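Colleague: Quick one: this structure, given as structure tokens, is what I'll be asking you about.
The values are calculated or read from the model by the stated rules, or taken from the named source; none is laboratory data. This one's a predicted model, so the numbers in the text were calculated from it and none came from an experiment. Positions of Cβ are generated from backbone atoms using ideal geometry, with glycine treated the same way; all protein chains shown enter the neighbour counts.
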Amino acid sequence: MEHTFYKYQGTGNDFVMIDNRQLTFDKNDTKRISMLCNRRFGVGGDGLILLEHHLKYDFKMVYFNADGNESSMCGNGGRCLVAFAKQLGLIRSKAVFEAIDGMHEAVINDNEVKLQMQNVTNIQRLEAGSFLDTGSPHYVTFNEQLENLDVKTVGAAIRYNENFKVKGTNVNFVKPNASGSFDVRTYERGVEDETLSCGTGVTAVALAMHNSGETDAELITLHTKGGTLQVAFETSNEGYKNIWLIGEANFVFKGIISW
């Protein structure tokens, strides 16, 4: 069988995209999905995203981590999928789609995609950081030695910590800048390594920084190894609402894979 695939990246967070509206891709073949994401034996990517038909919205997003397992929401992946939908001619400048965590709205202008995230009503302040769910679970902690940090080793230790052993967590290390922006490095579960950027991760960082009083801004700039993202939001009595993840999403290449 042959499948046409598309490669997209958002601030270095890269994904294999497949138009699965005809449901020809086997979503239960974990080994094959993992192979597609393998950077030596496959296409290579932090995850695989299937675009599927939806009866009510523009499309449906089905996301798999690089280990081949279906996963929770991916912010940069969602932004890239919106760009993919535009390339396919499904949308023009706006989109409404369903992901594993519910409905999302998005706006696309050239390469910039603004993706509305789910409301966040609970942020736990822990001894050395914060824990919250922005579509995926995230632990946020400061680290002043961010440039030299062994993110894979330190992140894995936290990801498999007793506090998070049931489902694991993504881990974000943060360093504030004098300009009011923040540098972020992220260890992602499912990838089990550092990624160049993480959309739900920088969203978690922005909200955690505001919640802990590190900033009073409601539009926050975050610098990842793969580029710059912004997160805009409003506060409410319940927590945070009208949360938008903003940044570029870019088409890389298209190909055909056979097996």
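For every residue, the table says whether it meets (1) outside the structural domain of LYS7 (by TED's automatic domain parsing); (2) touching a strand residue (DSSP E or B) at 6+ places or on another chain (Cβ under 8 Å); (3) under 20 Å from ASN119 (Cα atoms).
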site	(1), (2), (3)
GLY47	no, yes, no
MET61	no, yes, yes
ALA66	no, yes, no
GLU70	no, yes, no
MET73	no, yes, yes
ARG79	no, yes, yes
PHE84	no, yes, no
GLY89	no, no, no
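Residues are listed down the side, and each one gets a yes or a no for (1) under 15 Å from the mean Cα position of the chain (by Cα); (2) assigned by TED's automatic domain parsing to the domain that holds ILE158; (3) small (Gly, Ala, Ser); (4) crowded, with 16+ Cβ neighbours inside 10 Å:
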residue: PHE97; (1), (2), (3), (4): no, no, no, yes
residue: ILE100; (1), (2), (3), (4): yes, no, no, no
residue: ALA106; (1), (2), (3), (4): yes, no, yes, yes
residue: ASP110; (1), (2), (3), (4): no, no, no, no
residue: GLU127; (1), (2), (3), (4): no, yes, no, no
residue: SER130; (1), (2), (3), (4): no, yes, yes, yes
residue: ASP133; (1), (2), (3), (4): yes, yes, no, yes
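Colleague: Would you pick out the residues in region 168-194 that are under 13 Å from the mean Cα position of the chain (by Cα), assigned to a strand (DSSP E or B) and of a type in the set (A, V, I, L, M)?
Modeller: VAL171
Colleague: For SER197, which of the numbered conditions (1) in contact with a strand residue (DSSP E or B) (Cβ under 9 Å, 6 or more places away or on another chain); (2) assigned to a loop (DSSP other than H, G, I, E, B); (3) at pLDDT 95 or above; (4) more than 19 Å from GLY135 (Cα to Cα) fails to hold?
Modeller: With (1) in contact with a strand residue (DSSP E or B) (Cβ under 9 Å, 6 or more places away or on another chain); (2) assigned to a loop (DSSP other than H, G, I, E, B); (3) at pLDDT 95 or above; (4) more than 19 Å from GLY135 (Cα to Cα) applied to SER197, the lone miss is (4).
Colleague: Here is a follow-up. Give the residue, chosen from MET61, MET17, MET73, that is out of contact with any Asp or Glu (no Cβ under 9 Å at 6 or more places or on another chain) and either at pLDDT below 95 or aliphatic (A, V, I, L, M) (or both). Before you say what the answer is, go through the steps one by one.
Modeller: Values: MET61 fails: out of contact with any Asp or Glu (no Cβ under 9 Å at 6 or more places or on another chain); MET73 fails: out of contact with any Asp or Glu (no Cβ under 9 Å at 6 or more places or on another chain).
Sole residue among the options that is out of contact with any Asp or Glu (no Cβ under 9 Å at 6 or more places or on another chain) and either at pLDDT below 95 or aliphatic (A, V, I, L, M) (or both): MET17.
Colleague: Would you check if GLU52 is touching a Lys or Arg at 6+ places or on another chain (Cβ under 8 Å), in the same structural domain as ARG40 (by TED's automatic domain parsing) and touching a residue at least 40 places away in the same chain (Cβ under 8 Å)?
Modeller: Numbers: touching a Lys or Arg at 6+ places or on another chain (Cβ under 8 Å): yes; in the same structural domain as ARG40 (by TED's automatic domain parsing): yes; touching a residue at least 40 places away in the same chain (Cβ under 8 Å): no.
For GLU52, the condition - touching a Lys or Arg at 6+ places or on another chain (Cβ under 8 Å), in the same structural domain as ARG40 (by TED's automatic domain parsing) and touching a residue at least 40 places away in the same chain (Cβ under 8 Å) - is not met.
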